[in-house]
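Below is one structure; the comments refer to it alone.
The values are calculated or read from the model by the stated rules, or taken from the named source; none is laboratory data. In this text the structure is predicted, and so the values were computed from the model without any measurement. Using ideal geometry, Cβ is built from the backbone for each residue, glycine included, and neighbour counts are taken over all protein chains shown. Ligands, DNA and RNA are excluded from the accessible area calculation, which covers all protein heavy atoms including side chains. Shrake-Rupley method; radii C 1.70, N 1.55, O 1.52, S 1.80 Å.
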Amino acid sequence: MPKKRRKLNKDMEAEMAAAKRKIELVGALINDIRNEDIQAEYLGAFTQIRSAVVNLIAKYTTDGFCEETEGLLALYKGLIEQFEEEYEL
């Protein structure tokens, strides 16, 4: 049986690209922190956000635009907003 073609969404692709750039930027800012204890704390808090973006991109690549990828994008947005409120970079 042929595999169902995945549905694409340009807006989601743009948001994923922006999320990927944001992850790279925040990761670089965290790596620039000189105090190792503070850096470790920030990295620990940031790991879940990075995982959400990796999962989002992987799911979108395999399944395309669906409820699950929309949920992962919403999860990322909530996590990054919470991170930015709690931690200053």
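Taking packing as the residue-averaged number of other Cβ atoms within 10 angstrom, the listed peptides 24-33, 73-82 run from highest to lowest as 73-82, 24-33.
Kindly express, to the nearest 10 degrees and within the range 0 to 90, the angle between helix 10-31's C-alpha long axis and the longest C-alpha principal axis of the chain. Orientation of helix 10-31: about 20 degrees from the principal axis. Above 20 Å lies some portion of the pair distances; for the chain, what is it as a whole percent of all C-alpha pairs? Everything past 20 Å amounts to 40 percent. Sequence-ordered 3J(HN,Hα) estimates for segment 74-86 from the Karplus curve with 6.51, -1.76 and 1.60 and θ = phi - 60° stand at 5, 4, 4, 4, x, 5, 5, 5, 5, 4, 5, 6, 8 Hz, glycine and proline given as x. With helices as the sole contributors, the chain gives -27500 deg cm²/dmol at 222 nm; each DSSP H run of n ≥ 4 counts as -39500 (n - 2.57), and the sum is divided by every residue.
Put Glu41, Glu13 in order of accessible area, highest first, and with a 1.4 Å probe you get Glu41, Glu13.
In segment 1-53, the C-alpha radius of gyration followed by the widest Cα-Cα span (Dmax) gives 16.3, 56 angstrom.
If the chain linking Thr61 and Ala14 were pulled fully straight, counting 0.36 nm for each residue of separation and taking away their Cα-Cα distance, it would gain 15.5 nm.
Relative to the longest principal axis of the Cα atoms of the chain, helix 36-63 runs at roughly 10 degrees.
Per residue, what accessible area does the chain have, given a 1.4 Å probe and all protein chains present, in Å²?
Using a 1.4 Å probe on heavy atoms only, each residue of the chain averages 73 Å².
Could you rank Asp11, Asp63 by how accessible they are, 1.4 Å probe, largest area first? Intermediate results must be reported in sequence, preceding the final value.
Values: Asp11 110, Asp63 65 Å².
Most to least solvent-accessible, the answer reads Asp11, Asp63.
Can you list the trypsin sites (Lys or Arg not before Pro) in segment 14-56 that are in a DSSP coil and have 14 or fewer other beta carbons within 10 angstrom?
Passing both the DSSP loop test and the Cβ count: Arg34.
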